[in-house]
1. Sequence gap of 8 or more, or different chains, plus Cα separation below 28 Å: how many lysine pairs satisfy both in the stretch 24-146?
2. Run the simple label-point estimate for E27 and K106 please: 7 Å along Cα→C-beta, distance reported in nm.
3. Sum up the charges of everything whose Cβ sits under 9 Å from the Cβ of K80, counting Lys and Arg as +1 and Asp and Glu as -1, but leave K80 out.
4. Starting from 0.36 nm per residue, how many nanometres of slack lie between K80 and S117 once their C-alpha separation is accounted for?
5. How big is the charge dipole of the stretch 24-146 about its Cα centre, in debye rounded to the nearest 20, if each Lys and Arg gets +1 on its Cβ and each Asp and Glu gets -1 on its Cβ?
6. Provide the percentage of antiparallel DSSP beta bridges, counting only those with both residues in the stretch 24-146; round to the nearest 5.
7. Could you work out the relative contact order of the stretch 24-146? I mean the mean sequence separation of Cα pairs under 8 Å and 6+ apart, divided by the number of residues, in percent.
8. If packing is taken as the average count of other Cβ atoms within 10 Å, what order do 130-137, 43-50 fall into, highest mean first?
Amino acid sequence: MKQGLILLCAILFVFPAIVRADALELESVEALIDGADGKPVVITYWATWCETCLSDLSELEEFHASAGGKVSVYSINATKSERSVKQVRTFIEKSGLQVPVYLDMKGAVAHQFRQVSVPFTILVDKSGKKQIIPGPVTKEQLDAWID
């Protein structure tokens, strides 16, 4: 038992990306919304190669920190458009993002919401009504939306 616990701790310390990778796989946007327990939801769709997306992520991080538990905040990476999954995971680890990041391996989210460019943001109010905002959003815009 003790040896198993030590081995598990060693694996988590030495190979954190391997353990974290399972948590990053996107099931569906609906699963994220359903898991929000009736709270409003903000989801930003982005890519590492998109400079606008990176500033958008910064705004999302600020919003996430200030919103507390009032809103469920997620980000989805346009993984299909990236060079590799490894590159995305390395970016996520190095950036220290606090917002949960999910990987859209097949581009299903962009297709589902009929978006051809990144970034875009999906807002879901308490009643489940979805609104898509193409392009970047600011913390102030997100704050105004939840008020």
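1. Counting lysine pairs in the stretch 24-146 gives 25.
2. 1.6
3. Details: positive: K106; negative: E82, D104.
Residues close to K80 contribute a combined charge of -1.
4. On the way: separation 37, 0.36 × 37 = 13.32 nm, distance 1.27 nm.
Contour length minus the Cα-Cα distance gives 12.1 nm.
5. Details: 13 positive and 16 negative charges, 55 e Å.
Computed about the Cα centre, the dipole is about 260 debye.
6. Details: 10 of 20 bridges.
Given both bridge residues lie in the stretch 24-146, the antiparallel proportion sits at roughly 50 percent.
7. Details: 192 pairs, mean separation 42.6, N = 123.
This gives 35 percent for the stretch 24-146.
8. Working: 130-137: 14.8, 43-50: 21.2.
Ranked from most to least packed, the peptides come out as 43-50, 130-137.
FYI, it's all coordinate maths here, none of it is from the lab. Not measured: the values here are computed from a predicted model. We place every Cβ from the backbone using ideal geometry, glycine too, and count neighbours over all the protein chains shown.
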